[in-house]
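The values are calculated or read from the model by the stated rules, or taken from the named source; none is laboratory data. Worth saying up front: this structure is predicted, and the values here are computed from it rather than measured. Every residue, glycine as well, gets a Cβ built from its backbone with ideal geometry; the counts of neighbours run over all protein chains shown. Accessible surface is based on the protein model in full, side chains and every heavy atom, while ligands, DNA and RNA are left aside. Shrake-Rupley method; radii C 1.70, N 1.55, O 1.52, S 1.80 Å.
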Amino acid sequence: MDSFAVSLQCHPQFPAAGIESLLVQGRLAHGLHLEYRLEGHLASLCLPRSGQQLQPDRLWAHSCCELFLARDGERAYREYNFSPSGQWAGYGFSDYRERMGGLSLPAPEMRWRQDARCLSLDVDLPMAALPPGDGELCLALTMVLQLADGSLSYWALQHPPGRPDFHHRAGFALRPGPG
C-alpha cells in the first residue's frame, strides 16, 4: 500500500467529549506525507498557539500529533512529535523506550490549519527520516489531546492492552509499503 487513510481511536480510559473524528491520510513516495485531521468541538481542547514556546522534550504533554516509525524485525525505532505551536521534536530509540543520544533527525515540513471545527496538520518527512534497514516499514500514528481542564486524551490507530503506551510495538500497526 502506498496510500492510506485510517481513523485513530480514543483510549477508552481517557475520553475526549466533543471530538467527533481523528483521521490520518498518508502516502509513501519520495518520503512520507501525512495529514492529520481532527474534527469536533475544538473549544473543549487546550491547543498550543502558533509560536508558543513549549519544552521541546515535553511536546507530548500538550495537544500534539505523533508518529513512530520502525522496521519489521528491528528493535530500533524513531519518534516524531508535531505541535500546533510549530515546534517539533524527533528521537531515536535503540529498543523499547531506550533513547539514543547523538541522533539528529531531519526536520519535517509542517503546515497547520484551524477553524472552529477542524484542526489539521500536513507534514512531510524526507526519506532520511525513515529508519534504516531492509524490513517492512511499520508506523504508529497517534495524537495526544489536552482537554480544557488540563487532562489528556490518547488517540492511536491501535492501543495495546492496559494504559496508553505509544512506544509499545503492538501500536505499530500500519504497514504503508516498502519505504
Inset, instruction - Averaging sequence separations of C-alpha pairs under 8 Å and six or more residues apart, then dividing by the length of the range 1-124, give the relative contact order as a whole percent. - result: 22 percent
Legend entry - Fully extended contour minus Cα-Cα distance, from S7 to A61, at 0.36 nm per residue: 17.3 nm
Inset, instruction - Within 10 Å, count the other beta carbons around each residue, average over each peptide in 54-62, 140-148, 110-118, and list them highest first. - result: 140-148, 54-62, 110-118
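What accessible area per residue comes out for the range 38-129, rounded to a whole number of Å², with a 1.4 Å probe?
Ligands and nucleic acids excluded, the figure is 49 Å² per residue.
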Inset, instruction - Between Q114 and E98, with labels modelled 7 Å along Cα→Cβ, what's the label distance in nm to one decimal, could you check? - result: 3.9 nm
Inset, instruction - Return the whole-Å distance between the Cα centroid of the range 105-179 and the Cα centroid of the range 1-44. - result: 9 Å
Legend entry - For Kirkwood radius over Cα pairs in Å, calculated from these coordinates, the label among (i) 18.0; (ii) 17.2; (iii) 16.3: (iii)
Inset, instruction - Which order do the peptides 156-163, 64-71 take when ranked by the mean count of other beta-carbon atoms within 10 Å per residue, highest first? - result: 64-71, 156-163
Inset, instruction - Considering only Y96, Y154, Y80, give the residue with the highest GNM mean-square fluctuation for the chain, with springs between Cα atoms whenever their separation is below 10 Å. - result: Y96
Inset, instruction - Subtract the Cα-Cα distance of Y91 and R49 from 0.36 nm times their separation in residues, and report this length gain in nm to one decimal. - result: 12.8 nm
Inset, instruction - Sum up the charges of everything whose Cβ sits under 10 Å from the Cβ of L38, counting Lys and Arg as +1 and Asp and Glu as -1, but leave L38 out. - result: 0
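State the percentage of accessible surface on the range 56-108 attributable to carbon and sulfur atoms; use a 1.4 Å probe and exclude ligands, DNA and RNA.
In the range 56-108, the share of accessible area belonging to carbon and sulfur is 45 percent.
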